[in-house]
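The block underneath contains the structure these notes are about, expressed in structure tokens.
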4 protein chains.
Amino acid sequence: MPEQMHLKPVMNANEVNDLLKGAYPQLNDQYDFYQAIEVFPGGCTVRLNADERHLRPGGTVSGPSLFTLADIGGYVCVLSHAGPDALSVTTSLNINFMRKAETGPIDGHCRILKLGKSLMVFDIDIVAGPDRQTVAHATGTYSIPPKRSSNEVK
Amino acid sequence: MPEQMHLKPVMNANEVNDLLKGAYPQLNDQYDFYQAIEVFPGGCTVRLNADERHLRPGGTVSGPSLFTLADIGGYVCVLSHAGPDALSVTTSLNINFMRKAETGPIDGHCRILKLGKSLMVFDIDIVAGPDRQTVAHATGTYSIPPKRSSNEVK
Amino acid sequence: MPEQMHLKPVMNANEVNDLLKGAYPQLNDQYDFYQAIEVFPGGCTVRLNADERHLRPGGTVSGPSLFTLADIGGYVCVLSHAGPDALSVTTSLNINFMRKAETGPIDGHCRILKLGKSLMVFDIDIVAGPDRQTVAHATGTYSIPPKRSSNEVK
Amino acid sequence: MPEQMHLKPVMNANEVNDLLKGAYPQLNDQYDFYQAIEVFPGGCTVRLNADERHLRPGGTVSGPSLFTLADIGGYVCVLSHAGPDALSVTTSLNINFMRKAETGPIDGHCRILKLGKSLMVFDIDIVAGPDRQTVAHATGTYSIPPKRSSNEVK
């Protein structure tokens, strides 16, 4: 894909993590499982630090845990590139599971395919294991709410 | 869709719930959030008893929580119709989020679109609220591992 | 799914077919392959009259032919329920192919899952053959452009 | 994504095009609309030479035309990497449409995400226009039939 160098993030990974901690406490509750690692023009990298809590029958990281990582990848993209309006919501997500993932760090490499006024489309390669193989791939859409005017009482 | 009356469940909802409790403790951990309500020929009904743990920014039930319900719907279908082999895994899932869901019981009406030897395709309508509106819809695929022969040491 | 009886079509199948003929001549070119059969509150039925032109290797109706039927199903839903603005466009479509379809009439039973101001979500069961088995199932989204004011020069 | 250099194509683009011409005449009928441009380890590039036959209302290349390109991209991947068994079939495909495409060459950059014994997962970036912007992105799955033994009468 052509690089989207015209896209400029307005927040970095630390700022996004702080925002998530405040606005979405359910995400990491008592542990730092999900976090933004890097934000760059047109995309981001997110990580799931998977432990036995994330396993499903068969001893592999569960589909919902990987779905959550994909969803967070899109959320970090929209927060960092469209601004810190935490009310953006996922409208659709399609995920393919390709290989088993064990506990340990699982990284999602996420890129923005389109950043429009009201919708953002992204995809994410999720890699894991010592040889960083692709374990899942997802594509999704976030809706972006209209900007609140600066005079609006929040 | 034509009814799939030729499909016959081999387990009922209680049996599936018991199986999930043993094989997939991470699912409900300390609370009974996700459960099978009914199994019928060609499908099932599953429920998420959503509380504030399942919310995302904006105060609505999170995408990952609804994804998990969809995934469980497919899992209950495959367990109840293809037999209690807990090693079936999701290979893909596509979900659309349509309306906000509040805390309370959220039901997934799940039907088997195809039950083949090695794959099952299903869809699920997820409804919530006092007027039971559709809040999400998903379609997914489970792979079904080859049956282990009865003489095989497990 | 709860019936969506509050949705009221503003065009019937004949009117939609006439509109398609004018606005989308590429669809059926010299033959009436794709057509609306029925429009009802909250959905529609569309048909592909498949002949050998629609086959792929293996002698079955091709994926693109069934995708086109799914896409037309959504288009007929949006035209008939949101009004005859032919500029609505598909933003996403997910399709699962489940069984082989032979030549002959192939019907798509389409329902609107959500009709919002700017987006419509639908799904479609595609059935074929003497026993009308489900051969494919799709879910998709159409964007609905803002209404042009009646004074606007077109 | 890590490169999949261990994947080795067994056919090149010309050989695939010849195979398509024989096995799938409906694809290009009287014109060479769809073709393989390049086959490389782990992926391929395919092209749609779009003219006014491929347009939909609004004067842009239709969804079914782009879906067909995505489907062909996967088909060229499976033919070139798993061998010339034309009976592989698409089991699912998810496509997002992001920008309008005009007539002219439209290229699909396709990569294999997983090549298993019975399934191949791929994705494709579809780019068009003078600045080669991404107009659509798709992810799909092909089933790969068991190899026919060399002694089998066909």
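Overview of values
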| item | result |
| --- | --- |
| Net charge over other residues, Cβ less than 15 angstrom from the Cβ of D:Asp32 (K, R count +1; D, E count -1) | -1 |
| Sequence-separation-based contact order of the range C:1-88, relative, with Cα cut under 8 Å and 6+ spacing, percent | 34 |
| Antiparallel bridge percentage (DSSP; both residues within chain A; nearest 5) | 100 |
| Packing-based exposure ordering (other Cβ within 10 Å, fewest first) of B:Ser88, B:Ser118, C:Ser80 | B:Ser118, B:Ser88, C:Ser80 |
| Most fluctuating residue given options A:Gly140, A:Gly63, A:Gly74, as computed from a GNM of chain A linking Cα atoms under 10 Å | A:Gly63 |
| Against the rule of thumb 2.2 N^0.38 Å, how large the Cα Rg of chain B comes out | 1.03 |
| Selected from A:Ile112, A:Met98, A:Pro130, residue furthest toward positive end of dipole (chain A; charges at beta carbon) | A:Ile112 |
| Rounded to 10°, Cα long-axis angle of helix D:13-23 versus longest principal axis of chain D | 90 |
| Tail fraction, Cα-Cα pairs, the range B:1-81, threshold 17 Å, whole percent | 48 |
| Chain A residue with Cβ closest to the axis mapping A onto D, distance in whole Å | A:Asn94, 2 |
| Diffusion coefficient, µm² s⁻¹, Stokes-Einstein with Kirkwood Rh over alpha-carbon pairs of the protein assembly as shown at 20 °C and 1.002 mPa s | 86 |
| Average beta-carbon neighbours from other chains, 10 Å sphere, peptide A:63-72 | 6 |
| Exposed GluC sites (Glu not before Pro) absent - longest run of chain D, DSSP non-H/G/I/E/B, at most 16 other C-beta within 10 Å | D:4-101 |
| Tilt relative to chain C, helix C:63-82 - C-alpha long axis, 0 to 90 degrees, to 10 | 30 |
| Of B:Lys8/B:Lys117; A:Lys117/C:Lys117; A:Lys8/C:Lys117; A:Lys8/A:Lys114; D:Lys21/D:Lys117; B:Lys8/B:Lys114, pairs whose Cα-Cα distance is over 22 Å | A:Lys8/C:Lys117; D:Lys21/D:Lys117 |
| Nm distances between copies for D:Pro84, ranked from closest, using label points 7 Å along Cα→Cβ | 5.1, 5.2, 6.1 |
| Calculated [θ] (222 nm, deg cm²/dmol) that DSSP helices of n ≥ 4 give over the protein assembly as shown, each run adding -39,500 (n - 2.57) | -6500 deg cm²/dmol |
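FYI, it's all coordinate maths here, none of it is from the lab. Computed from a predicted structure; not experimentally measured. When we count neighbours, we look across all protein chains shown, and the Cβ atoms used for this are built from the backbone with ideal geometry, even at glycine.
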